Amino acid sequence: MPNTPPVKLPPCWLEAVGCEFDKPYMKTLRDFLAAEKQAGHAVFPAGSEIFNALNTTPFDQVKVVIIGQDPYHGRGQAHGLCFSVRGGVPIPPSLVNIYKELQAEYGIAPPKSGDLTHWAQQGVLLLNATLTVRESMAGSHQNKGWETFTDAIIRAVNDRHEHVVFLLWGSYAQKKGAFIDRSKHCVLQAPHPSPLSAHRGFLGCGHFKAANAYLVKTGKEPIRWLSP
């Protein structure tokens, strides 16, 4: 990966999924990314942020998993955490609806920043299924190998942890998380928060309070969703 050798991952993640970097699909993926760069295409997020979700949320601290699909493909948006953008960047429509749901559940004005790093630092793994994208081309890096890697991440959390909350928003995330063991984890499903589907059940889903109730019931600290 450009500028992101796997040794930069926390040791707990390397122990959990480090073997994936030696598999043939990962070499194919590295070659594809190198070819994109050689062809002059801008690829997001920056190389140093491709594994931001893993670097910000160590494997042994995962309490909640949110599965996205692609990184944002506009310049300055993606920084390696699904649904998140850096402070000062206009908040994307799906995140606007996520904040609307938070406001409805907690009765507090939504944050002005779209940076969800404070979630990730509390144990919320903000994982996109595909970890890179070409500028202005949504889905351009799908089916190149990333999905195999992120499946391995989800499987490691599923197999080695107990009492994790998986928030599966939209049919893509629900399909990707179909193998999650519901007998030892909490799986909450809703339509995607996109403006095209949020009104079909994402708004009003109550997932943020439900996630915290489950964490508290299983002896874990709740997530401070609204405080940076």
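The values are calculated or read from the model by the stated rules, or taken from the named source; none is laboratory data. This structure is a prediction, so every number in the text was calculated from the model and none was measured. Virtual Cβ from ideal backbone geometry, glycine too; neighbours counted across all protein chains shown. For accessibility, only protein heavy atoms count, side chains too; no ligands or nucleic acids. Shrake-Rupley method; radii C 1.70, N 1.55, O 1.52, S 1.80 Å.
When the inverse distances between all different Cα atoms of the range 1-102 are averaged and flipped, the Kirkwood radius reads 15.3 angstrom. With each label modelled as a point 7 angstrom along the Cα→C-beta vector, the S48-D60 pair spans 2.7 nm. Its Cα centre serving as origin, the chain has a Cβ charge dipole (Lys and Arg +1, Asp and Glu -1) of approximately 300 debye. Once the Cα-Cα distance is subtracted from the 0.36 nm per residue extended length, the A39 to Q142 segment shows a gain of 35.3 nm. The fraction of accessible area contributed by carbon and sulfur in the chain is 54 percent, rounded to a whole number (1.4 Å probe; ligands and nucleic acids excluded).
Using a simple spin-label model with pseudo-atoms 7 Å out from Cα toward Cβ, K209 and D181 lie 3.1 nm apart. Note on the range 149-214: Rg/Rh from Cα positions, Kirkwood definition for Rh, rounded to two decimals, is 0.99. Between beta-carbons, use under 13 Å as the cut-off and find the net charge around P90, counting Lys and Arg +1, Asp and Glu -1. It works out to a net charge of +2. A DSSP coil position with no more than 16 other Cβ atoms inside 10 Å describes the following GluC sites (Glu not before Pro) in the range 129-228: E135, E162. The residues C19, C186, sorted by heavy-atom accessible surface at 1.4 Å with ligands and nucleic acids left out, run C19, C186 from largest to smallest. Computed from label points 7 Å out along Cα-Cβ, the spacing between K100 and V216 is 2.7 nm.
Can you give the accessible area per residue of the range 108-228, in Å², using a 1.4 Å probe? Using a 1.4 Å probe on heavy atoms only, each residue of the range 108-228 averages 45 Å².
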